[in-house]
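Visitor: Below is the structure I would like to discuss, written out as structure tokens.
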Amino acid sequence: KDRASFLISGRRTYFDLFFPFFEKRNPSLEDAKVYFYDLNGKINYKINDKNRIYLSGYWGDDVMGFSEDFQTTYGNKTFTGRFNHLFSPKLFSNITFIYSNFDYGLGVPEGAQSFEWLSHIIDMTVKNDYTWYMNANNTFVFGGAFTQHEFKPGEITASDESFFNSFEMPGNFALDYNAFVDHEMKISDIITLRYGLRYSVFQNYGKSTFYEFDKSDPQEYIVTDTLEFDNGVINTYSGLEPRFNIRIKIDEKSSIKANYNRTKQYLHLATNSNAPTPYDFWFPSSMNIKPQKADQVVLGYFRNFFENNLETSVELYYKKMYDVIDFKDHAQMFLNQFLEGEIRSGNAYSYGAEFLVRKQRGKFQGWIGYTYSKTRRKIPEINKGEEYDAPYDHPHDI
């Protein structure tokens, strides 16, 4: 009592339990599987007034398969442990350990096109952060994190009757670490300022295989060399990521907010939703793939009506992106161990406006929002160098 608590939960969808009723009409449903499940567990323990421990775990899978066509699974297993220590009423820290194992499987069980493909990304993270309430007008948050990534992009196993060949796409390791500081300062009753700086480093290391490409023909990169590494750091990217936010209170009912931030993305997602058997997997920045970067600015106006019962806001944003990646025209993405040779990079930009009306008091509550946005890319080797809509461009959202 007043010291420990736990929570355990689980669920499973059951749509596939109805398949037997339709097997006579559609024999392919005989061994069909379409379901997902997940399990969650949490434990909190109060050691004393200054120390607490939090443990949590997750295990889930999405499974879909038809006996004569294809089978696919997504899954993730995670574990998190956090130790919270209170140094004083104004200063506390968290030490967190995170383990994650994401896997993706795809295959055709039988026939000339039969194969099985397994992909993994395994992350282990340790981070330490501190929150310091210096006084009523100043709060500092600072700390750092270290992550080890293990990438297994794909292991393909083909049967004897298949025209596919068994092979394994080169796996590799990476280190990702950062340090940051964030300061929120209340300058007056009218102005609140928050700014911060993050320094991040990403390194390919360890036993890895990379390919060198001849890029003289922008439409067709040719493999010229295979580079094998046994240990040590292979490649390093790093950079600063500043952020700035200001809030100006006009009166008791309205305020203006503006912010700027720069972000870096070292992991990339390869996806192919147009194939008969869609697939995706994560891969890291490398000697051939630069990190993606973005600068974003946002300006917002917020106003309340009817004695603060109705909240409204409008926000405008613009985002400029650098070294964004996409696949070349007519790229060979499926079961391609030289996938980096199909990738091209360039720039992109995004802009939009978001409108929101929210009522959070009284018997009748709710909100409605509308977003207009546009995202365009320009990559020299794609679409003849002309701008084109990004795959996730979604102009209207209500």
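The values are calculated or read from the model by the stated rules, or taken from the named source; none is laboratory data. Quick caveat: nothing in here was measured; it's all calculated off a predicted structure. Positions of Cβ are generated from backbone atoms using ideal geometry, with glycine treated the same way; all protein chains shown enter the neighbour counts. Protein only, heavy atoms only, side chains kept; ligands, DNA and RNA dropped before computing areas. Shrake-Rupley method; radii C 1.70, N 1.55, O 1.52, S 1.80 Å.
Visitor: Binning every alpha carbon pair distance of the chain at 20 Å from zero, what are the percents per bin?
Guide: Cα pair-distance distribution for the chain, in percent: 19, 50, 29, 3.
Visitor: Round to a whole number: what % of the accessible area of region 100-245 belongs to carbon and sulfur, probe 1.4 Å? Working shown, then result.
Guide: Numbers: 4190 of 7800 Å².
About 54 percent, which is the carbon plus sulfur part of the accessible surface.
Visitor: Under Stokes-Einstein, with the Kirkwood radius over Cα pairs standing in for Rh, what whole-number D in µm²/s applies to region 110-246 at 20 °C and 1.002 mPa s?
Guide: Reported coefficient: 111 µm²/s.
Visitor: Using only the Cα atoms of region 72-111, each taken as one equal point scatterer with no solvent, compute I(q) by the Debye sum, divide by I(0), and report log10 of the ratio at q = 0.16, 0.22, 0.34, 0.35 Å⁻¹.
Guide: The computed values of log10 I(q)/I(0) come out as -0.61, -0.77, -1.04, -1.07.
Visitor: Lys and Arg at +1, Asp and Glu at -1: add these up for the other residues within a Cβ distance under 12 Å of ALA348 and post the number.
Guide: Around ALA348, the charge tally is +1.
Visitor: OK, next. Using a Gaussian network model on the chain with a 10 Å cutoff between Cα atoms, which of LYS264, LYS24, LYS50 fluctuates the most?
Guide: The residue that fluctuates most here is LYS24.
Visitor: Moving on. At a probe radius of 1.4 Å, what is the per-residue accessible area of VAL297, in Å² to the nearest 10?
Guide: Rounded to the nearest 10, that gives 70 Å².
Visitor: Could you compute how fast region 34-93 diffuses translationally, taking Rh as the Kirkwood radius over C-alpha pairs and applying Stokes-Einstein at 20 °C with viscosity 1.002 mPa s? Give it in µm² per second.
Guide: 148
Visitor: What FRET efficiency comes out for the pair PHE6/LYS363, r = Cβ-Cβ distance, R0 = 30 Å, nearest 0.05?
Guide: Rounded to the nearest 0.05, the efficiency is 0.25.
Visitor: While we're looking at this one, here's another question. If the chain between PHE163 and THR72 were fully stretched, how many nm would it gain, using 0.36 nm times the residue separation less the Cα-Cα distance? Intermediate values should be presented prior to the final figure.
Guide: On the way: separation 91, 0.36 × 91 = 32.76 nm, distance 2.00 nm.
Once the chain is fully extended between PHE163 and THR72, it gains 30.8 nm.
Visitor: Give me Rg over Rh for region 1-143, both radii from the alpha carbons and Rh done the Kirkwood way, two decimal places.
Guide: 1.21
Visitor: Across region 132-280, how many lysine pairs separated by 8 or more positions, or lying on different chains, have Cα atoms within less than 16 Å?
Guide: Taking the Cα cut-off of 16 Å, the pair count is 4.
Visitor: Rounded to the nearest 10 Å², what accessible area does LYS257 have for a 1.4 Å probe in the complete protein model?
Guide: 80
Visitor: Roughly how much of PHE327 is accessible, in Å² to the nearest 10, using a 1.4 Å probe?
Guide: Solvent-accessible area, nearest 10 Å²: 30 Å².
Visitor: For the chain, what is the accessible area per residue in Å², given a 1.4 Å probe and the full set of protein chains?
Guide: With the other protein chains kept in place, the chain gives 60 Å² per residue.
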